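These notes concern the structure reproduced below.
FYI, it's all coordinate maths here, none of it is from the lab. Quantities reported herein were computed from a predicted structural model and do not represent experimental measurements. Here the Cβ positions follow ideal geometry from the backbone for every residue, glycine too, while neighbour counts run over all protein chains shown.
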Amino acid sequence: MRPPIRAALSNALQCRCPNCREGPVFRGWPNRVWPRCPVCGLSYFRESGYYLAGMILTYAATAGVLIPTYLISLLLPDMKAVTENERFALWSLFAIFLTLIFVRPAYSLWLSLDFWIDPWHPGEQQR
Ligand SMILES: [Zn+2]
């Protein structure tokens, strides 16, 4: 039976297996995913390139914070002490920082949403 979407989403944000909700999704920093759940054996890779959608979600979340922040920063008084290059470096660091924050929830969200829409069973490798 399909779990409620809210439970699936909160499970995703905790980076837990969408099937048993116990096994961790990640085994290394920042986004190394286990090949399968260490607890129930559910495959975390349904097909090759599976986490492309996770990358797109990461990118969308990063852009969704970066662009509004940039637009708001245009309203602030100009900081003459900061050069163009320094400004570019700061925005780049901010973008990398956001990516590192969002990459895990985005990958986990993709896995949980896909499982919620069309569940598969431990032992099944690919569709
Ligand atoms: Zn599991």
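Each other residue within a Cβ distance under 12 Å of residue 14 adds +1 if Lys or Arg and -1 if Asp or Glu, for a net charge of +2.
Computed over the Cα atoms of segment 1-118, what is the ratio Rg over Rh, Rh following Kirkwood? Using only Cα positions, Rg/Rh for segment 1-118 is 1.12. A Gaussian network model of the chain, with springs between Cα atoms under 10 Å, assigns the largest mean-square fluctuation among 66, 75, 93 to 75. Against the chain, whose longest principal axis is taken from its Cα atoms, helix 84-117 shows a tilt of about 20°.
Only Cα pairs within less than 10 Å get springs; with that Gaussian network setup on the chain, which residue of 98, 71, 111 has the largest fluctuation? Greatest mean-square fluctuation among the candidates belongs to 71. Mean residue ellipticity, 222 nm, helices only, the chain: the sum of -39500 (n - 2.57) across DSSP H runs of n ≥ 4, divided by residue count and rounded to 500, is -18500 deg cm²/dmol.
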